[in-house]
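Working notes, beginning with the structure itself.
Laboratory data are not the source of any read-out in this text; all were calculated from the coordinates shown. Here the structure is a predicted model, which is why all the values come from computation and not from measurement. Note that each Cβ is placed from the backbone with ideal geometry, even for glycine, and that neighbours are counted across all protein chains shown.
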Amino acid sequence: MNKEKLANSLIFSQLRTMWLVLKHTFTKADTVQYPEQKPYLAPRYRGRIVLTRDPSGEERCVACNLCAVACPVDCIALQQVVDDDGRKRADFFRINFSRCILCGFCEEACPTYAIQLTPDVELAEYDRQNLVYEKEHLLINGPGKYPDYSFYQQSGIVIAGKGKGEAEQERPPIDIKGLMP
Amino acid sequence: MMPEMLWKLLEITIIIALLIPMAAMLVWVERRVIGIWQDRHGPNRVGPFGILQSLADLLKILGKEDWIPPFSDRLVFILAPIIGAICVLMSFAVVPFSPDIGVSDLNIGLLFFLAMASLAVYSVVLAGWASNSKYALLGGMRAAAQTVSYEVFMGLSVMGVVLLTGTFNLREIVLAQSEGWLIQSQFVGFFIFLVAGIAESHRLPFDLPEAETELTAGFHTEYSGLKFALFFLGEYLGVTLISAMSVVLFFGGWLMPEPLSAWLPPLVWFIIKIMCFVMFFILLRTSLPRPRFDQLLKFGWMVMLPLALLNLIVTALLRLTGVL
């Protein structure tokens, strides 16, 4: 009987299996003892959803509804209002985390980097109602993953304090009725 | 006369009162040890090292609804787990724990053990039948076929021991091993007894009656609450019983070689030997896959039975010629 046949023979293979398992007595457990020992979650881990602010401290969200459309479980609800200064804001913004599957599609859909997922997964509650987060619970005081991005400074929308053609990528508007070259 | 009987009753009570918590502890030990062998921790939250896990499980299972399926055969359904637990507990009556401890010195102790092991199959078959469901019935049928097949050479494998010691009394079998354990000459018999014992207590890799991957939970699919706990108790007591019988028949019971025997009392040595076997049972459970049912029966009838017969004949011949 050659070596390979011996290794595959019924009784030897069983004994070998038992020996291999027995050797694991001295192997360290792979388990992370969770509540005491937190596992490392990468910065881009898809956990609890937040709404971020632009560098000047204003809300980034323009309530365009793209996140609500992208959401596969329809857990986002919001409504748009236009303020006196021309900025668009969410009148209310509600995420039902008892439905949310943390897929991150809303983050991908967001044109203003407003909605972002964070590496916080400890969302457990005793009362299901407490999992419905309103805008005040979602808003954070920082820009999140894109520190320098400000939507209104990039787009051509006119708001108070920023006229037409004053955005970062714009040139001043041309007077098409003038005679100058 | 009376004080003697009372003393006996007290002894029985103490043995049962120790055996049942021990079976419960075995559940925790098994889960913990399997965890270690699978690079996990196992249950380690309840009490120090999770030692109270079984207590928590017990409290939980007592709080469960004791549900009897309306489609079942009520009386038999209730009776089945009780038969199982009682048969295993009865077998412990003939186990000699130490020179002075042991419920009964039955002169047919070994036969009594085999008879109780045979009766225990009724619990599984009746449970499968009374549950009136497909999975339970399949499990019960498998148990019947498996136990009947493996019983045959379980009895044959220990006949070598009887030949060499000349008695069915388990205490005398132990005492006959004071010169040397029977494993020296009966290693084939021991191997056959162990395999048959695993099949009798339907533990992995021979747990086809309850194979959860194919039969949900086999014969105890419909059981819950306290009756389910009784099945579990029976299973873990069965593991202990087979370990104890292996030690008594082949590893000299409470006896140890000269320098070691003085270190610890005989009962402790007996328990240590049993624990080694229990650990071996758990190791088997973690490492070996379950065979197909026809493979199991074929292995029993085509390999083990001839081997048991051969062992018996060779032992008899050697006995006759005076070698052993």
Quick count over the range B:273-298, residues being buried (at least 16 other Cβ atoms within 10 Å of the Cβ), out of contact with any Phe, Trp or Tyr (no Cβ under 6 Å at 6 or more places or on another chain) and farther than 30 Å from residue B:166 by Cα, is 10
Filter the range B:76-132 for residues that are buried (at least 16 other Cβ atoms within 10 Å of the Cβ) and touching a Lys or Arg at 6+ places or on another chain (Cβ under 6 Å); the one that is farthest from residue B:270 (Cα to Cα) is B:81
Any chance residue B:34 is in contact (Cβ under 8 Å) with a residue 12 or more places away in the chain and within 14 Å of chain A (Cβ to nearest Cβ): yes
Exception for residue A:24 within (1) more than 30 Å from residue A:157 (Cα to Cα); (2) without any contact (Cβ under 8 Å) to a residue 40 or more places away in the chain; (3) in a loop (DSSP other than H, G, I, E, B) falls at (3)
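Scanning the range A:17-47 for residues that are among the hydroxyl-bearing types (Ser, Thr, Tyr) and more than 9 Å from every other protein chain (Cβ to nearest Cβ), which turns out farthest from the chain's Cα centre (by Cα)?
It comes out as A:34.
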Within the range A:56-78, the residues that are in a loop (DSSP other than H, G, I, E, B) and farther than 18 Å from residue A:140 by Cα are A:64, A:65, A:71, A:72, A:73, A:74, A:75
request  = Tell me, please, whether a residue that is touching a Pro at 6+ places or on another chain (Cβ under 6 Å) and touching a residue at least 60 places away in the same chain (Cβ under 8 Å) can be found in the range B:192-211.
outcome  = yes
Picked from the range B:269-311 (must be charged (D, E, K, R) and either assigned to a helix (DSSP H, G or I) or within 15 Å of residue B:195 (Cα to Cα) (or both)), the residue farthest from the other protein chains (Cβ to nearest Cβ) is B:273
Those residues of the range B:47-79 that are touching a residue at least 24 places away in the same chain (Cβ under 8 Å), assigned to a helix (DSSP H, G or I) and of a type in the set (Gly, Ala, Ser) come to a total of 1
Note on the range A:43-65: residues more than 22 Å from residue A:148 (Cβ to Cβ) and among the aliphatic types (A, V, I, L, M) are A:63
Here the residues within the range A:81-101 that are of a type outside the set (A, V, I, L, M), surrounded by 14 or more Cβ atoms within 10 Å (Cβ to Cβ) and not in a loop (DSSP other than H, G, I, E, B) are A:88, A:89, A:93, A:94, A:96
| Is it the case that residue B:158 is in contact with a Gly (Cβ under 9 Å, 6 or more places away or on another chain), touching a residue at least 60 places away in the same chain (Cβ under 8 Å), over 26 Å from residue B:138 (Cα atoms) and crowded, with 21+ Cβ neighbours inside 10 Å? | yes
Those residues of the range B:122-152 which are under 17 Å from the mean Cα position of the chain (by Cα), within 19 Å of residue B:207 (Cβ to Cβ) and in contact (Cβ under 8 Å) with a residue 60 or more places away in the chain amount to B:123, B:124, B:143, B:146, B:149, B:150
By residue number, the members of the range B:61-99 that are within 26 Å of the chain's Cα centre (by Cα) and not hydrophobic (A, V, I, L, M, F, W, C) are B:81, B:84, B:91, B:96, B:98, B:99
Notebook entry, point to check: Do the conditions hold for residue B:98, that is, is it assigned to a helix (DSSP H, G or I) and more than 14 Å from chain A (Cβ to nearest Cβ)?
Noted result: no
Every listed condition ((1) part of a helix (DSSP H, G or I); (2) more than 14 Å from chain A (Cβ to nearest Cβ)) holds for residue B:253 save (1)
